[in-house]
Amino acid sequence: MNHPVSRRSVLGALAALPLAGMAQSIPSTVRIVVAYPAGGVSDVVARALADKLALQLGTSVIIENRAGASGSIGMDMVAKAAPDGATLGFAAVSPLVLNPHLGKSPFDPLKDIAPVASVMVSPVVLAATPACAAADFTALLAQARSQPGAVRWATSGQASLGHIMLAQLRAATGVDITHIPYKGGGQQLNDALGGQFEILSTNAGPALANHIRAGKLRPLAVGSPARLDSLPQVPTLAELGVPAANLSSQFGIFAPAGLPAALLARYNAEINKALATPDLRTKLQATDNLPTGGTAADFARAIAAEHEANGRIIRSARISAE
């Protein structure tokens, strides 16, 4: 049976179409909140990705650095932003999978943040300083067993990824290694060059690579899915028999929870497209970072799994924020 349609209802429906389209469109200006200081590897990558997205989307993409609290300050800004596509975040997953277990998160990482796309994996390098006499990783473990507590391992902070790696290594091997937590990576690297401790764990990057090439630091192992092209002779921790400690930092793009599904899917597709371009892949690989990409759903599942796993590790090792 046919029903008459009034002119008013047709005009009303047509008038609503542009509004619905606008609600799902990319804003004219997109802000990417980078949860780390300007000038670092993560900032350089975020800016390169922003340039790609601006070209692909035909919109303005600006970077805003909001560092502090191990990434939680920047991610809190994202969590509290309107879910309209105008604000995205770039960060490691640590503010979502580590900080909340330590009472350091001002937002609910599983409810207030929407993972959009994985961007890269940043390997962790375990390097010997001038204070370390061990020739390789096996010799390091032997020294730690013969001299309990004498080997000092410096990380970027209490309850950092490096600290989690150390906890996993202790649990797997039974060695007694002293944890030296720093507040960030700058002073940690300077003290490593001065031999203030035996072992340094830090994310791969140009500064570290320069010190390794100069012979000031010696790489013993990497936390990475595979050996690094720049350090092909250095085994992963998985190859060395401690797969639980073979951890690396995953970085990605995030949005406020409630971002419309169409916008999330569009951003995910554009980020994957950008990551497939040779120049961006080359820029990532030149800093030993591994391009990733993939679906938003897969990224969300990986974050949820890591959140749960880290909770178990932190409770078992009795790791605290201080």
Output for the range 206-236, where each listed residue is outside any loop (DSSP other than H, G, I, E, B), touching a strand residue (DSSP E or B) at 6+ places or on another chain (Cβ under 8 Å) and open to solvent by 60 Å² or more (accessible area, probe 1.4 Å): ARG218
Residue selected from the range 140-168 under the condition in a strand (DSSP E or B) and in contact with a His (Cβ under 7 Å, 6 or more places away or on another chain), by the criterion modelled with the lowest pLDDT: THR155
Filter result (polar (S, T, N, Q) and out of contact with any helix residue (DSSP H, G or I) (no Cβ under 7 Å at 6 or more places or on another chain)) within the range 251-279: ASN272
Scan of the range 237-248 for residues that are outside any loop (DSSP other than H, G, I, E, B), surrounded by fewer than 20 Cβ atoms within 10 Å (Cβ to Cβ) and small (Gly, Ala, Ser), ordered by number: ALA244
Selection within the range 127-175 - in contact (Cβ under 8 Å) with a residue 60 or more places away in the chain, hydrophobic (A, V, I, L, M, F, W, C) and buried (at least 20 other Cβ atoms within 10 Å of the Cβ): ALA127, ALA128, CYS132, PHE137, LEU140, ALA159, LEU161, ILE164, MET165, LEU166, ALA167, LEU169
Among (1) at pLDDT below 95; (2) among the acidic types (Asp, Glu); (3) under 29 Å from VAL78 (Cβ atoms) - the single one ASP229 does not satisfy: (3)
Any hit, the range 303-322, residues being in contact with an Asp or Glu (Cβ under 9 Å, 6 or more places away or on another chain) and either at positive phi or part of a helix (DSSP H, G or I) (or both): no
Set ALA302, ALA261: member being loosely packed, with under 14 Cβ neighbours inside 10 Å and over 15 Å from GLN56 (Cβ atoms): ALA261
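The values are calculated or read from the model by the stated rules, or taken from the named source; none is laboratory data. Predicted model only: the values in this text are computed from it and were never measured. Here the Cβ is made from the backbone with ideal geometry for all residues, glycine too, and neighbour counts use every protein chain on show. With ligands, DNA and RNA removed, areas are computed over all heavy atoms of the protein, side chains included. Shrake-Rupley method; radii C 1.70, N 1.55, O 1.52, S 1.80 Å.
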